[in-house]
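One structure is given here, and the rest of the page talks about it.
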Amino acid sequence: MRIASGCVAIAASILVMIALDVNVLRPQPTMNQVMNLRDGSVVTLLADARIDVALSDHDRRITLHGGEATFKVAKDTSRPFVVRSGEVYAQATGTEYSVRRHGVAGAAVHVSEGSVLVWARDDREQAVLLHAGGELTLDPGPEANEQTHALPAPAVAQISLDDVSIASAVARFNSLNETKIVIDDAEVGEVRIVGLFIAHDPERFAQAAAVVANARVVRRGRDIVLQRQE
């Protein structure tokens, strides 16, 4: 049986997408669409949203080409869940947040539950950690072609915290750094925290922990001290 070359190309494309577990999703023009992903996450596409989904053993990647989508992320600390909109990235391990395409290469991110790390292009070290109720809009402007600009690989020297006590997190940072974090109030140490942090930047972690625990950061010699707000 003779098969047209165009049909062969289409069939080959379908086989590649199945092998990579890649899906291209878009809702009906006048209604929202709820999608259940294979990892247990749930995506709600607003009427004008267009996304690509790629799930692997190492990470979960979503590319938002337009519109707005909400993501209820299934917890899996070993596979970061990263949504890309233009040149803006929003990463979580288990939380609920929305991403809306903004401008040429930007995004507006709103966190409903948990915490989300947001950064632009390859500037991951300047990422902002948003907590529930937080919003951030970034538009770095056009740069590389969206089809060829690869998703940045997760940095190696990072600490992922998934609902652990600040005291436990401090112990991890102190085991890796000469500059130590000291908790002056036991109640501060009991507060739970979620986020992805640079392992060798205890100062930035302490600042984030202070916000979560309603504390303040002071210096005592070489130590970083977390004190409860008076």
Using a 7 Å offset from the Cα along the Cα-to-Cβ direction at both Glu178 and Val191, what is the distance between the two label points in nm, to one decimal?
2.9 nm
Check Ile183: other-chain or 5+ apart residues with amide H under 5 Å from its amide H, H built from backbone geometry?
Leu226
Could you grab the Rg to Rh ratio for the stretch 158-228? Cα atoms only, Kirkwood for Rh.
0.91
Going from the fewest other Cβ atoms within 10 Å to the most, one would list Val99, Val43, Val191 as Val191, Val43, Val99
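We did not get these values from a lab; they are worked out from the coordinates using the rules stated. Worth saying up front: this structure is predicted, and the values here are computed from it rather than measured. All Cβ positions, even for glycine, are placed from backbone atoms using ideal geometry, and neighbour counts span all protein chains on display.
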